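Step one of this worksheet: look at the structure below.
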Amino acid sequence: MKLLNVDGASVAVDQEGFLVDLTDWSEPVAEALAQAEGISLEPEHWEVLRVLREFHQEFQLSPATRPLIKYTALKLGPEKGNSMHLNRLFKGTPAKLAAKLAGLPKPSNCI
């Protein structure tokens, strides 16, 4: 287990950088997780992170890539719910990286 420093507080993350306690998530935590991944969160990222958190709240799991694309298309439209857009935002691993930044568990089918 590692610790992430966020606004003077320590947040526990596992070896891959996923939150140990999902209730530790906040926007500043997301910013710190993104910074550790070399990403600067823009409004397009935040849209997807919010949609992903909605998905998790509704289904109690983190979606794999296909369900993520379908759900994003349903919520944000096909121009944002497609693999090219999500891969561009999340460095080619949208399901895994977006789940991490959204403070959710690693999707079960991700390596």
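The values are calculated or read from the model by the stated rules, or taken from the named source; none is laboratory data. These numbers were taken from a predicted model, which means no experiment stands behind them. Note that each Cβ is placed from the backbone with ideal geometry, even for glycine, and that neighbours are counted across all protein chains shown. Note: accessible area is taken over every heavy atom of the protein model, side chains too, but ligands, DNA and RNA are not part of it. Shrake-Rupley method; radii C 1.70, N 1.55, O 1.52, S 1.80 Å.
Over region 53-101, with the other protein chains present, what is the accessible area per residue in square angstrom, probe 1.4 angstrom?
Numbers: 2740 Å² over 49 residues.
On a per-residue basis, 56 Å².
Once R0 is set to 25 Å, what does the formula 1/(1 + (r/R0)^6) return for the Cβ-Cβ distance between Lys70 and Ala9, expressed as a FRET efficiency to the nearest 0.05? Could the numbers behind the result be given before it?
Values: r = 36 Å, r/R0 = 1.43.
So the FRET efficiency works out to roughly 0.10.
Rounded to the nearest 20 debye, what is the charge dipole size of region 22-111 about its Cα centre when +1 sits on each Lys and Arg Cβ and -1 on each Asp and Glu Cβ?
Details: 11 positive and 10 negative charges, 83 e Å.
Dipole size: approximately 400 debye.
Run the accessible area of the chain with a 1.4 Å probe and give the carbon-and-sulfur part as a rounded percent. List each step's numbers first, then the result.
Details: 3330 of 6220 Å².
Taking all protein chains in place, the chain shows 54 percent carbon and sulfur surface.
With runs of 4+ DSSP H residues as the only contributors, calculate the mean residue ellipticity of the chain at 222 nm using -39,500 (n - 2.57) per run, divided by the residue total and rounded to the nearest 500. Please list the in-between numbers first.
Working: 5 runs with 54 residues, N = 111.
For the chain, the value works out to -14500 deg cm²/dmol.
If you fit an axis through the alpha-carbon atoms of helix 27-36 and take the longest principal axis of the Cα set of the chain, what angle between them do you get, 0 to 90°, nearest 10?
Between the helix axis and the principal axis of the chain, the angle is about 90 degrees.
May I ask you to give the average projected area over all directions of the convex hull of the Cα atoms of the chain, in nm² rounded to one decimal? List each step's numbers first, then the result.
Working: hull surface 25.5 nm².
Over all viewing directions, the chain projects a mean Cα-hull area of 6.4 nm².
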